[in-house]
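Here is the structure we will look at.
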Amino acid sequence: MNRIAFVTGGASGIGAATARLFKAQGCFVYIGDVQGDKGRELAHELGDAEFIDLNVREEAQFERAFARIMERHGRLDAMVNNAAIVGVMGPIASLPLEQYDYSQEIIQRSVVLGTKHAARIMQTQKSGSIVNVASVAGLTGGYSPHVYAACKAAVVNFTSSVALELAEDGVRINAVCPGNIATPIHTGVKDARWIERIAKIREGAVDDQPMPRMGEPEEIGEAVVWLASDAASYVTGHALVVDGGLMAGRMWRKQPPFIRELHPARV
Ligand SMILES: NC(=O)c1ccc[n+]([C@@H]2O[C@H](COP(=O)([O-])OP(=O)(O)OC[C@H]3O[C@@H](n4cnc5c(N)ncnc54)[C@H](O)[C@@H]3O)[C@@H](O)[C@H]2O)c1
């Protein structure tokens, strides 16, 4: 029997890579996104897939999406709450609060909605796995605008909190915290210009992190499909960092001189 997976924000970047990896594992994949053209194209390419128009701000649209999945397949094995934007940014003293709700609804509340409706199905089935795409920005400051950081921290804590409730029903829920991944989200554009823009950003990443390159969306997708699979059958409530070593600590060459002088062999 095909396993059934649903990926929000599945038309681009990490979501699209995850959809491809699910398909490669023999899953049927539902792709939910606001980017209809890209999402439909990907579903067509994958074959065992269906695109669902989904704005993750709208609970009614989630309800419609899950109703469609249950109508066609009658079950859901993997739910990936992946859709997000960078959202409102700027210094705290002049943060435009009128953009706060919109940002929070897409980055954080969407994860609550996707989890709520997936959990209803999975608790009845007594099986299933939910994966929430958070960020290293949700673990510490300095990697994103303030509101994005706060929302992703909420996603991490929400995940562990809900894990406690779902475990008894045989449902697992985990988060993945990506570092710098080469996707359109960094470029401010969704069309083909992102490729040119990301090339410049890639150059900057070389000097800034232990593994001197950006990650690829597939490298996050691999973590997501592993957490969603039975191979991770004893893992729940976890936040899996996939970041090329970014969170491991300050790189040696970025340490202050007095530290480097203590260990001259490493200089
Ligand atoms: N790229 C990175 O470096 C990085 C790092 C950490 C976390 N993340 C997280 O990874 C996830 C995927 O982002 P990505 O890097 O692949 O970016 P992306 O821009 O390529 O993909 C995001 C997708 O979400 C969709 N989306 C946005 N708003 C939506 C809405 N209201 N309803 C439905 N879909 C919507 C977009 O259309 C797009 O397809 C996000 O949660 C992001 O915060 C990315």
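The values are calculated or read from the model by the stated rules, or taken from the named source; none is laboratory data. These numbers were taken from a predicted model, which means no experiment stands behind them. Because the Cβ atoms are built from the backbone with ideal geometry, glycine has one as well, and the counts that use them run over all protein chains shown. Remember, those area values only see protein heavy atoms, side chains included, never the ligands or the DNA or RNA. Shrake-Rupley method; radii C 1.70, N 1.55, O 1.52, S 1.80 Å.
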**Report entry** Criterion (out of contact with any helix residue (DSSP H, G or I) (no Cβ under 7 Å at 6 or more places or on another chain) and closer than 16 Å to TYR143 by Cβ) met by exactly one of ALA192, ALA205, ALA175, ALA182
**Finding:** ALA205
Query raised in the report: Can you tell me which residue in region 61-79 is nearest to THR236 (Cα to Cα), limited to those that are open to solvent by 70 Å² or more (accessible area, probe 1.4 Å) and among the charged types (D, E, K, R)?
Result: GLU63
Query raised in the report: How do the pairs read when you match residues in region 117-142 that are without any contact (Cβ under 8 Å) to a residue 24 or more places away in the chain with residues anywhere that are open to solvent by 10 Å² or more (accessible area, probe 1.4 Å) and in a loop (DSSP other than H, G, I, E, B), using Cβ under 6 Å and keeping only pairs 6 or more apart or on different chains?
Result: ALA137/TYR143; ALA137/SER144
Query raised in the report: Among the residues of region 186-201, which ones are open to solvent by 20 Å² or more (accessible area, probe 1.4 Å) and not in a helix (DSSP H, G or I)?
Result: GLY188, LYS190, ASP191, ALA192
Query - region 207-218, residues that are surrounded by fewer than 17 Cβ atoms within 10 Å (Cβ to Cβ), within 13 Å of the ligand (Cβ to nearest atom) and outside any helix (DSSP H, G or I) - result: ARG213, GLU216
Query raised in the report: Given the residues GLU105, GLU58, which is the only one that is within 14 Å of the ligand (Cβ to nearest atom), within 13 Å of GLY32 (Cα to Cα) and open to solvent by 10 Å² or more (accessible area, probe 1.4 Å)?
Result: GLU58
**Report entry** For THR236: the one exception among (1) buried (at least 19 other Cβ atoms within 10 Å of the Cβ); (2) part of a helix (DSSP H, G or I)
**Finding:** (2)
Report task. Only residues that are over 28 Å from PHE66 (Cα atoms) and open to solvent by less than 50 Å² (accessible area, probe 1.4 Å): list them for region 139-162, please. Result -> SER144, PRO145, VAL147, ALA149
Requested in this report: Name the residue, out of MET89, MET79, that is of a type in the set (A, V, I, L, M, F, W, C) and in a strand (DSSP E or B).
Outcome: MET79
Query raised in the report: Would a scan of region 156-176 turn up a residue that is part of a strand (DSSP E or B), closer than 18 Å to ILE85 by Cβ and polar (S, T, N, Q)?
Result: no
Report task. Mind telling me which of the residues GLY244, GLY204, GLY221 ends up being small (Gly, Ala, Ser), open to solvent by less than 60 Å² (accessible area, probe 1.4 Å) and assigned to a loop (DSSP other than H, G, I, E, B)? Result -> GLY244
Report task. Scan ILE69, ILE31, ILE52 and give me the residue that is touching a Phe, Trp or Tyr at 6+ places or on another chain (Cβ under 7 Å), on the phi < 0 side of the Ramachandran plot and not in a strand (DSSP E or B). Result -> ILE69
Query raised in the report: Among the residues of region 17-31, which ones are closer than 20 Å to HIS186 by Cβ and in contact with a Ser or Thr (Cβ under 9 Å, 6 or more places away or on another chain)?
Result: ALA17
Query raised in the report: Of the residues LEU113, LEU54, LEU76, LEU95, which single one is of a type in the set (A, V, I, L, M) and either touching a Cys at 6+ places or on another chain (Cβ under 9 Å) or touching a residue at least 60 places away in the same chain (Cβ under 8 Å) (or both)?
Result: LEU76
Report task. Please tell me if SER12 is open to solvent by 10 Å² or more (accessible area, probe 1.4 Å), within 15 Å of the ligand (Cβ to nearest atom), at pLDDT 95 or above and among the polar types (S, T, N, Q). Result -> yes
